[in-house]
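Chemist: Below are the structure tokens for one structure; questions will follow.
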Amino acid sequence: MSEEIDDSIERKEAELSLLRSFMEELKTEFIKQTADFALKWYRKTAKEYVTKYPEIALKMSEKKMGDMKTKVNELIKNAEKIVRNELDNPAIWWHQKMNLHDPIDKYKQVADKYSEALDHAVRHILGRLGLVLEEFGFNVTTKSNTGAYKEFWFETPVGSKQIVPCYPHLLSWSEEMQNSVRLYDAQFTHAITLFNELQLLKEEKKRQEALTRWDSI
């Protein structure tokens, strides 16, 4: 019986290892796709705010507007680094920090409601533009609830006192990003089931070993 359990454990561990390798590939793809999405989004959204608040833009001197454009271009240039810093975090990827108690719908997308862990991370990435908009006088705040008619581009993550820039409005990911997370979700639901089966087998093996020791004395 012990040999059968050992064989089952070995097979399931090999299968879980393959799943985790594929999930790591999907994570890498999602990071690349998000970097591409973010740099286009920074450029597009900066222009939208210039036209959304023309009275602010028109009051700027040519130098000030040039300085703002430079800051936006720096965001675009550093998009990949910003994305990697936010998304290369084991806490948001199950295959890097396996947990039996994670909800089975952790990476499920329903309509335009994305996985909460990943959605917050993406919004933090985009929220970096809010720092620029705030600096140049647009009706955005990334620090506090003060100020009339301000857009609140920040959040305080659960369990933290730190205020983090965060894009607050409706958001549509790229199709490539959505597809990667759908694939990741499919692997996750299989992997967490497999991980649970492995833990049960290992517990059963411990019970058998304990009983064998008892009987041998």
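Just so it is clear, none of the values below were taken in a lab; they were calculated from the coordinates. Keep in mind that this is a model prediction, so the values were computed, not measured. In this analysis, Cβ positions are derived from the backbone assuming ideal geometry, glycine residues included, and neighbour counts consider all displayed protein chains.
Chemist: Going by amide H atoms built from the backbone, whose H comes under 5 Å of the H on C166, apart from near neighbours?
Modeler: It is F154, E155, by chain and number.
Chemist: Same structure again: When all C-alpha to C-alpha distances in the chain are sorted into bins of 5 Å, what percent of pairs does each bin hold, rounded to whole numbers?
Modeler: Spelled out bin by bin, the chain gives 1, 6, 12, 14, 14, 12, 10, 8, 6, 5, 4, 3, 2, 2, 1, 1, 0, 0 percent.
Chemist: Round to the nearest 0.05 the FRET efficiency obtained for K202 and H101 when R0 = 25 Å and r is the Cβ-Cβ distance.
Modeler: 0.90
Chemist: Counting other beta carbons within 10 Å of each residue's own, what order do S174, S180 fall into, fewest first?
Modeler: Taking fewest neighbouring Cβ atoms as first place, the list is S174, S180.
Chemist: May I ask you to evaluate 6.51 cos²θ - 1.76 cosθ + 1.60, the Karplus curve with θ = phi - 60°, for each residue of segment 169-182 and list the ³J(HN,Hα) values in order in whole Hz, giving x for glycine and proline?
Modeler: Result, ordered by residue: 9, 3, 9, 10, 5, 6, 4, 4, 4, 5, 5, 4, 6, 4 Hz.
Chemist: In degrees between 0 and 90, to the nearest 10, how far off the longest principal axis of the chain does helix 116-135 point, with axes built from Cα atoms?
Modeler: 20
Chemist: Are there any chymotrypsin sites (Phe, Trp or Tyr not before Pro) in segment 138-202 that are in a DSSP loop and have at most 13 other Cβ atoms within 10 Å? List them by number.
Modeler: Y149
Chemist: Pairing the Cα long axis of helix 2-52 with the longest principal axis of the chain, what angle in degrees results, from 0 to 90 and rounded to the nearest 10?
Modeler: The helix 2-52 is inclined about 0 degrees to the chain.
Chemist: Tell me, what HN-Hα J-couplings in whole Hz come from the Karplus equation 6.51 cos²θ - 1.76 cosθ + 1.60 at θ = phi - 60° for each residue of segment 211-217, using x for Gly and Pro?
Modeler: Computed from phi, the couplings for segment 211-217 are 5, 4, 5, 4, 5, 7, 9 Hz.
Chemist: I've got another one for you. Once the piece of chain linking V110 and K64 is laid out straight, how much longer is it, given 0.36 nm per residue of separation minus the C-alpha distance between them?
Modeler: 12.3 nm
Chemist: For E151, which sequence-distant residues (separation of 5 or more, or a different chain) have an amide H within less than 5 Å of its own amide H, given hydrogens modelled in the peptide plane?
Modeler: V140, T141
Chemist: Per-residue ellipticity at 222 nm for the chain, helices alone: DSSP H runs ≥ 4 residues times -39500 (n - 2.57), over residue total, nearest 500 deg cm²/dmol?
Modeler: -23500 deg cm²/dmol
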